[in-house]
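Chemist: Can you read through this structure? Questions will come right after.
The values are calculated or read from the model by the stated rules, or taken from the named source; none is laboratory data. A quick note: this is a predicted structure, and the numbers were derived from the prediction, not measured. Cβ placement follows ideal geometry from the backbone for every residue including glycine, while neighbour counts extend to all protein chains displayed.
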Amino acid sequence: MKPLSDFTPARVALGRAGHALPTSAHLAFQAAHAQARDAVHLPLDVPSLILDLRPLFPHLLAVSSAAASRDVYLRRPDLGRRLAPASESLLASHHAPCDAAFIVADGLSALAVHRHARGLLDALLVRLPLDDWRLAPLVIATQARVAIGDPIASLLGASLAVVFIGERPGLSSPDSLGIYLTWNPQPGRTDAERNCISNIRAEGLTYAAAAHKLLFLMTESRRRKLSGVSLKEEAALPDPTPHPLLP
């Protein structure tokens, strides 16, 4: 019979040494905790990300939130939802009515962005009918929370905000990427007015499956002019394909 640990990444059936965990399990826990902490504090390498994404989006803009540093960002979530004044001015100068704005934000795991943003955008753009979608310049946002997509997309004149963001690291997932979609983005939108696709990583949701779900949500959101709890993700999954990060 296979051990329970073969069927889940959860910390189960770790064994014991006296009244404590075995040394190997204790050290593995400490290593996972260190990876999660590192992911939270790792800064986003914006120049590297721009080089990686420019073949997909020749026109990119880099902005920052009102949180002046990582320490401030972690202590003041509200500042991570607002733009710095200089970033507001930059975005306003690029205002033009369009269907959607894609925002790549560091969130709580820049590692997730560096590992998965390019692959996910690749998978989406080959499915997105670009002759039917007017896209804003791609925006890279630092010290950013999910809600920063609302003022960004609003200033750019986009009807739909699509935020790719590093999710809060877990002890088995320091590099999980999430997507948040909001129709008619404006400052003050609530989480109930967004749709979320989460757990995009090697051990989770594949790029192909995430792109398929996102295209369904984008299409239905534009057609029905809504998002959030009123919009259900009912896309039938395509045939399974190998994950690009797995052998």
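Chemist: Quick one: would you say Thr206 is β-branched (Val, Ile, Thr), surrounded by fewer than 24 Cβ atoms within 10 Å (Cβ to Cβ) and touching a Ser or Thr at 6+ places or on another chain (Cβ under 8 Å)?
Modeler: yes
Chemist: Now for a different question. For the range 127-165, what are the residues that are over 21 Å from Arg70 (Cα atoms), at pLDDT 95 or above, assigned to a loop (DSSP other than H, G, I, E, B) and of a type in the set (A, V, I, L, M, F, W, C)?
Modeler: The answer is Leu128, Trp133, Ala136.
Chemist: State all residues of the range 64-106 that are surrounded by fewer than 16 Cβ atoms within 10 Å (Cβ to Cβ), part of a helix (DSSP H, G or I), of a type in the set (Gly, Ala, Ser) and in contact (Cβ under 8 Å) with a residue 40 or more places away in the chain; if no residue qualifies, say none.
Modeler: Ala92 - this is the single residue of the range 64-106 that is surrounded by fewer than 16 Cβ atoms within 10 Å (Cβ to Cβ), part of a helix (DSSP H, G or I), of a type in the set (Gly, Ala, Ser) and in contact (Cβ under 8 Å) with a residue 40 or more places away in the chain.
Chemist: Identify all residues within the range 118-148 that are charged (D, E, K, R) and either closer than 23 Å to Leu108 by Cα or in contact with a Cys (Cβ under 9 Å, 6 or more places away or on another chain) (or both); write none if there are none.
Modeler: Arg118, Asp122, Arg134, Arg145
Chemist: State yes or no: is Arg134 of a type outside the set (A, V, I, L, M, F, W, C) and without any contact (Cβ under 8 Å) to a residue 60 or more places away in the chain?
Modeler: So Arg134 passes the test.
For every residue, the table says whether it meets (1) basic (Lys, Arg); (2) closer than 25 Å to Leu42 by Cα; (3) under 18 Å from the mean Cα position of the chain (by Cα).
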| residue | (1), (2), (3) |
| --- | --- |
| Pro77 | no, yes, yes |
| Asp131 | no, no, no |
| Leu156 | no, no, no |
| Thr182 | no, no, yes |
